[in-house]
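What follows is calculated from the coordinates using simple rules that are stated; it is not laboratory data. These numbers come from a predicted model, not from an experiment. A quick note on method: Cβ atoms are made from the backbone with ideal geometry, for glycine too, and the neighbour counts reach across all protein chains shown.
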Amino acid sequence: MATSSPSKSAQPIDALIVGAGFAGMYMLHKLRGLGFNASAVEAGSGVGGTWYWNRYPGARVDIQSLEYSFGFDEELEKDWRWSERYAPQPELLQYAEHVAERFDLKRDIRFNTRVTAAHWDEAAQAWKVETDKGEAMRCRHLILATGCLSIPTDVTFPGLGTYKGDIYRTSRWPHEGVDFSGKRVGIIGTGSSAIQSIPVIAQQAEQLTVFQRTPNYSMPAHNGPIPEADFQAWAKDPRAYRAASRDTVGGFQNEPSEAMATATAPEEIRAELERRWAWGGFRILGAFADTAVDPEANRIVHEFVAGKIRQQVADPAVAEKLTPKDHPFGTKRPCVDTGYYATFNRPNVELVDLRAEPLSGFTAEGIRTSAKDYAFDAVVLATGFDAMTGAIDRIDLRGAGGRRIKDHWAEGPRTYLGLMVAGFPNLFTITGPGSPSVLTNMINSIEQHVEWIADCLVSLKQRQQTSIEASPEAEAAWCRHSTEAVTPTMLPQANSWYMGANVPGKPRMFMPYAGGLNTYTEICRQVVAKGYEGFIIRQGDRVLSESRAFTSQPAPGEIPENLLPIIMGRLMAAGLLPAE
Ligand code: NAP
């Protein structure tokens, strides 16, 4: 860490925000409005985060735009009209630019700058921050708005360097776009990024070869103009609509049903799933209350989706390859597509099953599998992200006593409420690990976090308190509660990025909080109402308030009788309930 800088003797600013995606932008706006001296640092050359980086063809949001947009400003909300149910990336980026301009955010954002180190200075009660531009800054509060899916995995392939064609990553797409006309293109991966881009690339390229290791579940978006009735339902009271979205498990309206698939007649199941499939997107996830927990209920939905894949794909052998088999429905993030399955009916599209013919590496001409060599003019890597912790891990982040975050998280990311980390005073994470984040509509989660953090900073300021940090006890209790929330479900059964399973050597731990945004918001509210329960608050080295316990857990809801044995069994097997 540099010891000299022009700003070394200057007073630390109140808050430095890392990242100028939707989280960083709103945090900056909120804090400035409250009179704090805040600024942001952003690695990209513009605002927008995810929507700045992920410019691949076909990129669009998978939560309806009426809900995936800021609700903190009524005028902003009224002035902006989305063109489609699921806005495409260019429109989302335009929206981010519009927000930045409207609230004059850019004057306080340093672009093209990456934070490389941040060390807590106990004596100064401030963070010392360094960037890749050699700048040193000091701030009282460091707020990481670094995104959950912002750092691509370091995936590499033998011989990649010898390949003579073009290589593109979906998450680092050239700003000028790519013309695949007349080209032979290969794409590795079949996650959301690939599933959105494949149909668009297939229309342009001469030949597209899709290298699939694991098939995913994908539902049709049925994208198009926002139906007038939907728009009116929103427009008659956007506040109420927003509140209803926030008061859900996923932060978006999904018509959650309490019906059990295992207790419903087959023809009723079919009708309900058909209705939701026709509506599109994630609506099918809310069809039955037992699909996330009961393997039999899950199998029913799986069979329905497998049937839909068979209906859309003309060649039964290809349909079979595209049908997920290694993970229950909904345990990896499902995809929302526009014409994905039907793309495999095109004569210029080929599916290669890497389970049958494993990928050996690259040659000068293209890709080699155990079965044959494929020649390409361009290869697209849609190989995913070092999710949730990747961007935080890459900062040399050291808390009290010089403790490194990497060491603190050696067995998986431990946080209190996904907002703070024990031993790292005045460090906040927006939609960090341990919060509902990626299991929800990110914008609603971001707004809830930004508002909680802003309230916290106001409270500290009013009481002239200099630092706040999570107690180790509360952090441990939150981790246990998070484990209790996810264990009854089948979510931990998949090798998903939620579990850190896509990055070799990453500790396996279910990283987001699975208890639902509505429950989580209420817990956060209670924590504050109890005087920042679970936090240690100081003035210099004097402890002013110390509450080590975390008791704000929700009372367990009533568990449907047929799910009780499964849930109890899983909790017991995980050691979370005493075995009888
Ligand atoms: P992903 O879901 O992690 O998919 C990565 C794909 O690459 C997987 O199919 C993976 O196969 C494959 N892969 C990775 N390494 C490989 C290797 N060495 N050899 C062969 N295949 C390999 O990543 P993503 O598609 O970028 O999506 C990540 C998340 O971002 C999504 O789940 C979603 O939350 C978000 N996202 C959202 C949107 C949206 O809102 N519209 C769009 C895109 C992404 P395996 O499964 O076998 O590992």
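Stretching the chain fully between GLU546 and ARG480 yields a gain of 21.7 nm (0.36 nm per residue, less the alpha carbon separation).
Under the classification rounded if a/c is under 1.5, otherwise prolate if a/b is larger than b/c and oblate if not, where does region 510-580 fall, given a ≥ b ≥ c as square roots of the Cα gyration tensor eigenvalues? It is prolate, given that a/c is not under 1.5 and a/b is the larger ratio. This ranking places ASP396, ASP290 by how few other beta-carbon atoms lie within 10 Å of each, fewest first, which gives ASP396, ASP290. Bridge orientation summary for the chain: considering DSSP beta bridges with both residues in this region, about 45 percent are antiparallel. Each residue of region 41-50 is assigned a 3J(HN,Hα), and the resulting list reads 10, 9, 5, x, 8, x, 7, x, x, 3 Hz, derived from the Karplus form 6.51 cos²θ - 1.76 cosθ + 1.60 (θ = phi - 60°), x at Gly and Pro. Among the listed pairs LYS128/LYS461; LYS30/LYS236; LYS332/LYS461; LYS321/LYS372; LYS164/LYS332; LYS30/LYS530, a Cα-Cα separation exceeding 30 Å is found for LYS332/LYS461; LYS164/LYS332.
Take the Cβ atoms of ALA375 and ALA278, set R0 to 45 Å, and the FRET efficiency comes out at 0.65.
For the pair GLU451 and ASP230, label points projected 7 Å from Cα toward Cβ lie 2.4 nm apart.
Summarising the amide proton neighbourhood of PHE535: residues at separation of 5 or more, or on other chains, whose placed amide H is nearer than 5 Å comprise SER471, SER547. May I ask you to list the aspartates and glutamates whose Cα is less than 18 Å away from that of LYS183, ignoring any residue fewer than eight positions away on the same chain? LYS183 reaches ASP166, GLU206, GLU350, GLU365, ASP373, ASP377.
Using a simple spin-label model with pseudo-atoms 7 Å out from Cα toward Cβ, ASN37 and ASN562 lie 6.3 nm apart. Extension gain, ASN112 to ASP247, is 44.9 nm, computed as 0.36 nm per intervening residue step minus the present C-alpha separation. Phi angles across region 210-225 convert, under the Karplus curve 6.51 cos²θ - 1.76 cosθ + 1.60 with θ = phi - 60°, into 3J(HN,Hα) values of 9, 9, 10, 8, 10, x, 10, 7, 9, 10, x, 6, 6, 6, x, x Hz, Gly and Pro given as x.
Taking a ≥ b ≥ c as the square roots of the eigenvalues of the Cα gyration tensor, region 377-484 is prolate, since a/c reaches 1.5 or more and a/b is larger than b/c. Normalised by the number of residues in the chain, the mean separation of alpha-carbon contacts (under 8 Å, six or more apart) gives a relative contact order of 17 percent. Ordering MET442, MET511, MET219, MET572 from the fewest to the most neighbouring beta carbons within 10 Å gives MET572, MET219, MET442, MET511. Once you have a ≥ b ≥ c as the square roots of the Cα gyration tensor eigenvalues for region 190-254, tell me rounded if a/c is under 1.5, and otherwise prolate or oblate according to whether a/b is larger than b/c. Since a/c reaches 1.5 but b/c is at least a/b, the shape of region 190-254 is classed as oblate. Sorted ascending by nearby beta carbons within 10 Å, beginning with the fewest, GLU303, GLU228, GLU484 become GLU228, GLU303, GLU484. Here LYS325 is the anchor, and the aspartates and glutamates within straight C-alpha reach of less than 16 Å, apart from those fewer than 8 places off in the same chain, are GLU296, GLU303, ASP353.
Cross-link partners of LYS133 among lysines, defined as those whose alpha carbon lies under 24 angstrom from its own and excluding same-chain residues fewer than eight positions apart: LYS8, LYS106, LYS406. The helix-based estimate of mean residue ellipticity at 222 nm for the chain, built from -39,500 (n - 2.57) per DSSP H run of four or more residues and divided by its residue count, is -9000 deg cm²/dmol to the nearest 500. Around the Cα centre of region 369-520, unit charges on the Cβ atoms of Lys, Arg, Asp and Glu (plus for the first two, minus for the last two) sum to a dipole of about 280 debye. For region 472-547, the Cβ-based charge dipole about the Cα centre amounts to some 180 debye (Lys, Arg positive; Asp, Glu negative; other atoms uncharged).
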